[in-house]
Amino acid sequence: MEPHVLPVLELIAVPMSIVETVRESYARCRQNPDFFDAFYDHFARKSSEIGPLFSQTDMQKQNALLSEAIDSLISFATGDPDARQHVEEIGLSHSRDQLNIKPEWYPLWMEALHDTIHESDPKCTPQLLQDWETVIQPGIDHILELH
Ligand code: HEM
């Protein structure tokens, strides 16, 4: 058995019905062509330290990368090995040796995502935002473990 198999199995704790609910919400969110721009606007407003980190960033590219990264955070919860690898690459790029993204910024990232889903998904409810957190927090925790 490959060494990564056991930890992956441990993660299959998020019910598939919740993962599907979140995937459907994400599909509705992506109908909003401004979803990712709106996300980064919300995120930058969470702390004066955040905007300057993206001052040199090509936001067109960044939006596309974030779009795929959120897909991987969702699929991470199902134990998908490709998603796990993608999440680990993000964990390494954000770790203290590379971008050195502070752990306390991740709750702000999640808040900004909630704000943006709330605006973009016409079916948004408090329960749906809770489901989003249930599904993607394991991937975020894994990124934080790699800090
Ligand atoms: C789970 C949450 C997050 C996800 C999924 C995510 C995703 C990504 C992805 C896919 C990239 C581009 C590829 C890479 O460098 O790995 C990136 C770059 C970056 N992220 Fe994140 N990120 C997250 C959290 C954060 C947080 C909390 C910050 C804090 C400000 C941050 C700041 C940055 C910066 C500064 C870059 C580089 C932008 C550039 O190339 O100019 N990220 N992120």
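Since every read-out is calculated from the coordinates, none of them should be taken as a lab result. Because the structure is a prediction, the values reported are computed rather than measured. Backbone-built Cβ (ideal geometry, glycine too); neighbour counts: all protein chains shown.
Within the stretch 108-132, count every residue that is outside any loop (DSSP other than H, G, I, E, B) and either away from the ligand (no atom under 12 Å from the Cβ) or in contact with a Leu (Cβ under 8 Å, 6 or more places away or on another chain) (or both).
The first filter runs over the stretch 108-132 and keeps only residues outside any loop (DSSP other than H, G, I, E, B), leaving 108-120, 126-132.
Still in the list and also either away from the ligand (no atom under 12 Å from the Cβ) or in contact with a Leu (Cβ under 8 Å, 6 or more places away or on another chain) (or both): 114-120, 126-132.
Selection size over the stretch 108-132: 14.
Just one of (1) over 16 Å from residue 43 (Cα atoms); (2) surrounded by fewer than 18 Cβ atoms within 10 Å (Cβ to Cβ) trips up residue 59, so point out which.
(1)
Just to verify a result, which residue in the stretch 81-107, among those that are surrounded by fewer than 18 Cβ atoms within 10 Å (Cβ to Cβ) and among the aliphatic types (A, V, I, L, M), is nearest to the ligand (Cβ to nearest atom)?
Pass one, the stretch 81-107, residues surrounded by fewer than 18 Cβ atoms within 10 Å (Cβ to Cβ): 81-82, 85, 89, 92-93, 95-100, 102-107.
Keeping just the survivors that are among the aliphatic types (A, V, I, L, M) gives 92, 99.
Details: 92: 8, 99: 5 Å.
Here the answer is 99.
Report whether or not residue 53 is of a type in the set (A, V, I, L, M, F, W, C), within 12 Å of the ligand (Cβ to nearest atom) and either on the phi > 0 side of the Ramachandran plot or out of contact with any helix residue (DSSP H, G or I) (no Cβ under 8 Å at 6 or more places or on another chain) (or both). Working first, answer last.
Numbers: of a type in the set (A, V, I, L, M, F, W, C): yes; within 12 Å of the ligand (Cβ to nearest atom): yes; either on the phi > 0 side of the Ramachandran plot or out of contact with any helix residue (DSSP H, G or I) (no Cβ under 8 Å at 6 or more places or on another chain) (or both): yes.
Against the criterion (of a type in the set (A, V, I, L, M, F, W, C), within 12 Å of the ligand (Cβ to nearest atom) and either on the phi > 0 side of the Ramachandran plot or out of contact with any helix residue (DSSP H, G or I) (no Cβ under 8 Å at 6 or more places or on another chain) (or both)), residue 53 qualifies.
If residue 78 meets every condition in (1) assigned to a helix (DSSP H, G or I); (2) closer than 20 Å to residue 25 by Cα; (3) among the polar types (S, T, N, Q); (4) in contact (Cβ under 8 Å) with a residue 12 or more places away in the chain apart from one, which number is that one?
Every condition holds for residue 78 apart from (1).
Quick check on residue 71: is it over 14 Å from the mean Cα position of the chain (by Cα) and either assigned to a helix (DSSP H, G or I) or closer than 28 Å to residue 13 by Cα (or both)?
Values: over 14 Å from the mean Cα position of the chain (by Cα): no; either assigned to a helix (DSSP H, G or I) or closer than 28 Å to residue 13 by Cα (or both): yes.
Answer is no for this residue.
Report yes if residue 25 is more than 11 Å from the ligand (Cβ to nearest atom), part of a helix (DSSP H, G or I) and among the small types (Gly, Ala, Ser), otherwise no. Quick ask: steps written out before the conclusion?
Working: more than 11 Å from the ligand (Cβ to nearest atom): yes; part of a helix (DSSP H, G or I): yes; among the small types (Gly, Ala, Ser): yes.
The answer is yes for residue 25.
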